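What follows is a single structure, written as structure tokens, with notes after it.
The values are calculated or read from the model by the stated rules, or taken from the named source; none is laboratory data. Quick caveat, the model's predicted, so the values are computed rather than measured. As a convention, Cβ positions derive from the backbone with ideal geometry for all residues, glycine included, and neighbour counts pool all protein chains shown.
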Amino acid sequence: MPDAVDPAALHQPVLLAEVIEHLAPASGKRVLDCTLGLGGHSAALLAAGAVIVGIDRDERARTLALGRLSAFTERFSVRAGTFAAVAEELADAGEGFDAVLADLGVSSMQLDDESRGFSMRSIAPADMRMGDGCLDTALSLIDRLDEGGLADVIYRFGEERLSRRIARALKQARLAGTLESASELAAVVRAVVPGHTHRHPAARTFQALRIAINDELGELERLLAVLPRLLKAQGRAVVISFHSLEDRLVKNAFREGRARGIYDECARRVVVAGEAELSANPRAGSAKLRWAVRSSLVQPEVRA
């Protein structure tokens with residue numbers, strides 16, 4: 001990817017109007033943007049007067065977001081690292097926020113940068129690391145796991161019923177030296193999956209490998225666990241997910257939190273993109289937004 005890029009042109013933040021509605025940013029309100037990316041959501045929150053702390057594990061994203069939001073340096077700061085680790089550090093330090101946002105999944109910049117190996121069309125090595133904190137690439141994960149372990153990953157994180165067949169084909173292709181790029185990985189899966197729908201037959205496998213490599217569900221579980229400590233009384237949380245595994249975790253955490261008195265309110269129904277947004281940004285089609293409001297009776301826990 002060239003150095004001279006326009007982050008606003010690369011990225012359209014999903015469900016932006018709904019994020020603003022449910023986070024209710026205002027002058028002086030502190031917002032934690034757990035997935036800063038190219039700063040699309042943060043730009044709108046800053047325009048409303050909020051003070052933003054952004055987190056991203058991707059160095060390139062941090063650099064571009066800092067450039068895009070340079071006019072707001074007095075109200076905008078960036079933390080490097082995974083959002084769960086940084087969120088826990090902030091909570092342990094007694095930091096409190098009026099709102100917390102997490103827009104999960106791979107970013108448009110990462111998808112569109114073929115050198116990262118997220119795209120099934122990429123001729124670059126199948127990497128799929130989002131940034132800091134990853135021990136494996138897609139290729140090293142395939143190499144490290146035995147066939148059964150790889151099948152378990154594809155089934156669990158991709159909900160792929162043909163996981164064993166796919167795992168066998170991937171292991172054989174690596175042994176034969178015919179699997180290196182992301183496009184070759186997609187072709188191996190396509191060859192063993194019968195019948196093709198509108199969705200690429202390798203989409204579930206790519207999702208599974210990416211989730212495993214980046215510990216996406218573990219990160220989300222840690223964030224949801226620490227969220228009550230980060231939110232001030234009546235603080236608002238918004239989480240945008242892109243597949244059922246993430247959405248289920250968010251739904252259950254918010255509903256259980258409400259039952260325990262942690263949250264006064266939470267979304268009864270998932271919020272999705274309208275027709276106008278879907279027409280302008282097809283990637284919003286799988287976005288699911290859930291929100292919650294921290295109890296007015298319970299202050300965040302402060303640890304010494």
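At-a-glance table
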| read-out | value |
| --- | --- |
| Lone unmet requirement of (1) modelled with pLDDT under 95; (2) surrounded by fewer than 16 Cβ atoms within 10 Å (Cβ to Cβ) for residue 175 | (1) |
| Single residue of segment 89-112 satisfying the filter (acidic (Asp, Glu) and crowded, with 18+ Cβ neighbours inside 10 Å) that is farthest from residue 136 (Cα to Cα) | 98 |
| Search result, residues across segment 137-166 that are over 21 Å from the mean Cα position of the chain (by Cα) and part of a loop (DSSP other than H, G, I, E, B) | 145, 146, 161, 162 |
| Residue within segment 12-27 that is in the same structural domain as residue 284 (by TED's automatic domain parsing), more than 17 Å from residue 281 (Cα to Cα), in a strand (DSSP E or B) and over 15 Å from the mean Cα position of the chain (by Cα) present | no |
| Helices (runs of 4 or more DSSP H) lying entirely in segment 184-278 (those with 1 or more residues that are touching an Asp or Glu at 6+ places or on another chain (Cβ under 6 Å) and either aliphatic (A, V, I, L, M) or at pLDDT 95 or above (or both)) | 203-214, 216-230 |
| Test for residue 227: is it under 28 Å from residue 12 (Cα atoms) and out of contact with any helix residue (DSSP H, G or I) (no Cβ under 6 Å at 6 or more places or on another chain) | yes |
| Every residue from segment 225-245 that is surrounded by fewer than 21 Cβ atoms within 10 Å (Cβ to Cβ), of a type outside the set (Phe, Trp, Tyr) and within 16 Å of the chain's Cα centre (by Cα) | 243, 244, 245 |
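Residues are listed down the side, and each one gets a yes or a no for (1) modelled with pLDDT of 95 or more; (2) surrounded by 24 or more Cβ atoms within 10 Å (Cβ to Cβ); (3) more than 19 Å from residue 116 (Cβ to Cβ):
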{"site": "24", "(1), (2), (3)": "yes, no, yes"}
{"site": "33", "(1), (2), (3)": "yes, yes, yes"}
{"site": "37", "(1), (2), (3)": "no, yes, no"}
{"site": "47", "(1), (2), (3)": "yes, no, yes"}
{"site": "51", "(1), (2), (3)": "yes, no, yes"}
{"site": "61", "(1), (2), (3)": "no, yes, no"}
{"site": "73", "(1), (2), (3)": "no, no, yes"}
{"site": "77", "(1), (2), (3)": "yes, no, yes"}
